[in-house]
1. Would you please put 296-303, 209-216 in order of how densely packed they are, using the mean number of other Cβ atoms within 10 angstrom per residue and starting with the highest?
2. Over the Cα atoms of the stretch 155-194, what radius of gyration and what Dmax do you get, in Å?
3. Provide the FRET efficiency to the nearest 0.05 for the residue 175-residue 304 pair, computing r from the beta carbons and using R0 = 41 Å.
4. Using a 10 Å cut-off on Cβ atoms, rank the peptides 283-293, 219-229 from the highest mean neighbour count down.
5. With the crude spin-label approximation of a point 7 Å out along Cα→Cβ, what separation in nm comes out for residue 188 versus residue 317?
6. Take the Cβ-Cβ distance between residue 254 and residue 283 as r, set R0 to 30 Å, and report the resulting FRET efficiency rounded to the nearest 0.05.
7. Any chance you could list the semi-axes, whole Å, largest first, of the equivalent ellipsoid that the Cα gyration tensor gives for the stretch 206-354, using √(5λ)?
8. What is the spread of the Cα atoms of the stretch 284-337 along each of their three principal axes, largest first, in whole Å?
């Protein structure tokens, strides 16, 4: 295996290990203490979603933010692994002895934080907020949106932007408690291979969410051969695409789909969103979740290539951006709107599936 192949596999291993350590920490710490009891509450249901709610006009480009100072890939990975190791260490049990007074111990009391979001699960408020919440460790690149009550990845400042992506990550996802659907749209444009990848599903045992990733590789890199590792780089700043994404959740698989979160129309290479909760079915397709999104491509020709990939993946053309049905899309110039519900690609390396 050549040096490039070894580096790709090494990076993949680091990403998978980092995810495994984080997931293991979440699982370990989510087990309640022997005498713990946490009340489970249900938040008020939000109103039905409206596909015509988003403006379909022409948007002015946003101002690009200053370029962050670059660091080496090796430095980012080593720094991240060190922080993960420190964050996942269990504190030593502190043993104290007190002189017995012979008095009956006072009755202990516990206070449970009132839930203001989605359904609460034992320890989730404390656990998720500790790891990626507003007051937690942010080295994983995650942030909390207080207005929308959801979590997301700060794609403009996260170590994952150095790791790229390939099918190995999807293939290993289930081993780190990520039960997610994926759709990969591949095409060649402007002397580059492109991949737009969609995800939605269960992330660990505490979060559900959705993602859109934009990846590039030198032209001719993708072979499509079974067993090949088709590695892509996270899109450079000049290749970020303007998009918006909304996720709807049929919570507890009952009633109608409700708004879970929405990401604003902006430039991204990785648009994400996660909320606390659990699906009732972990197997594909995860139809309790729907993703509605809009992507503005660099040109109409580029949008045409993406649409061709959507057709090949089983998506049908809708009559308008406000008339989307499950697994459908609508194109107008360089803009493509779509609603994703049931389609998914198999996670095996080098194999797309339908």
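Values quoted throughout were computed directly from the atomic coordinates according to the rules given, and no laboratory measurement underlies them. Values in this document were obtained by computation on a predicted structure and should not be read as measured data. Neighbour counts run over all protein chains shown; Cβ positions are idealised from the backbone, glycine included.
1. Details: 296-303: 16.2, 209-216: 24.6.
So the order, starting with the most tightly packed, is 209-216, 296-303.
2. 13.0, 37
3. On the way: r = 37 Å, r/R0 = 0.91.
Efficiency computed from Cβ-Cβ geometry: 0.65.
4. Numbers: 283-293: 19.5, 219-229: 12.5.
Ranking, from highest mean packing down: 283-293, 219-229.
5. Placing both labels 7 Å along Cα→Cβ, they lie 2.5 nm apart.
6. Working: r = 18 Å, r/R0 = 0.61.
For R0 = 30 Å, the calculated efficiency reads 0.95.
7. 25, 20, 16
8. Sorted largest first, the three principal extents are 33, 22, 16 Å.
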